[in-house]
Structure formats: C-alpha cells, structure tokens
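See structure below.
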Amino acid sequence: MVATSASVQDRDGACLLLRHLPRGCKKLRRIWVDGGYGGRLVDWVAQRFKFCLEGVLRRRETRKFVLLPCRGVVERTFSWLNHSRRLSKSYERLSRTDEAWVYIAMTRIMLRRLT
C-alpha cells in the first residue's frame, strides 16, 4: 500500500505502488482498475510486468447507476475500513502513519475472522 497526498494524480500513485510491489506476487496476472487509470499507465505496466491492467468501464450510453463487475469487492473493502473511526479523516502529518493505520485496521478485520 502507498499513501500519497491529495495533489498526486491517481496514475502517478499507481506507478509508485507498482514499483514497490513485492517480488512474491509472481502469480498475479490481472489487476482490475477504474477508467481513470488508462492511457500510458497500461502501456507502462505491459512493458515492465507480467500482468496486465484491465479497465472496468461502464457503457458510454448509460447515464444511470450501473453495478459494474468486480467493483463490489473494492467497495466492500472500503466499507470495512470505514468501521475504524481513526480512518474517517486523516489526522496525521506523515502519509506513512496513514498507511500504518490501514494495516492495523485490516489486521483487526483478519484476526476477527480467524477467531
């Protein structure tokens, strides 16, 4: 996980995240991304890694809410994280501290499931 300031473009943040991806992700073949992650990022990932970025887009003619495939997994994870009051707003000076709080929240969720 990489936490950045709000002024960092999502595609640039994705590059930071993918550069620090552990070498243990050898079985990773596909990452579903939002439509904003297209363009040069997809080409950059195709050149450097063995996996591909696949955009999950809604149809252009649709103007109403449409449940997109695979999007529910991400939204559900964010809803679990929102149960932690500390993550409702960022009170920290360093983005590394925000990252640590997300790790703590996810660890708590996983430990509750193990018991």
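Tell me which residues come under 5 Å, amide H to amide H, from Glu54 once H is placed; ignore anything under 5 positions away on its chain.
Ile31, Trp32, Val33
7 Å from Cα along Cα→Cβ at both Ile104 and Cys52: what's the point-to-point distance in nm?
4.1 nm
For segment 25-51, list residues with backbone N below 12 Å from a point placed 7 Å from the Cα of Ser7 toward its Cβ?
none
Straight-line reach only, C-alpha to C-alpha below 29 angstrom: list the lysines that Lys64 could link to, leaving out same-chain residues fewer than 8 apart.
none
Determine the dipole magnitude for the chain: charges of +1 sit on the beta-carbon of Lys and Arg, -1 on that of Asp and Glu, nothing else is charged, the reference point is the Cα centre, and the result goes in debye to the nearest 20.
380 debye
Two decimals is fine: what's Rg over Rh for segment 1-62, C-alpha atoms, Kirkwood radius as Rh?
Dividing the radius of gyration by the Kirkwood radius yields 0.99.
For the residues Asp34, Asp98, what sequence is obtained by ranking on other C-beta atoms within 10 Å, fewest first?
Fewest to most other Cβ atoms nearby, the residues stand as Asp34, Asp98.
Could I get the Rg over Rh figure for segment 70-115? Both from C-alpha atoms, Rh via Kirkwood, rounded to two places.
With Rg and the Kirkwood Rh in hand, the quotient comes to 1.01.
In the set [x] 42, 25, 23; [y] 38, 36, 27; [z] 39, 37, 34, which value of Cα extents along the principal axes in Å was calculated from the structure you see?
Identified label for the calculated read-out: [z].
Could you give me the ³J(HN,Hα) list for segment 84-89, computed from phi with Karplus coefficients 6.51, -1.76, 1.60 and θ = phi - 60°, whole Hz, x at Gly and Pro?
So the J values, rounded to whole Hz, are 8, 4, 5, 8, 5, 9.
Taking the dipole about the Cα centre of segment 1-62, with the C-beta of Lys and Arg at +1 and of Asp and Glu at -1, give me whichever of Gly35, Gln9, Val45 is farthest to the positive side.
In segment 1-62, that residue is Val45.
None of the figures in this text is laboratory data; all of them are computed from the coordinates on show. No experiment lies behind these values; they were computed from the predicted model shown. All Cβ positions, glycine included, derive from the backbone under ideal geometry; neighbour counts span all protein chains shown.
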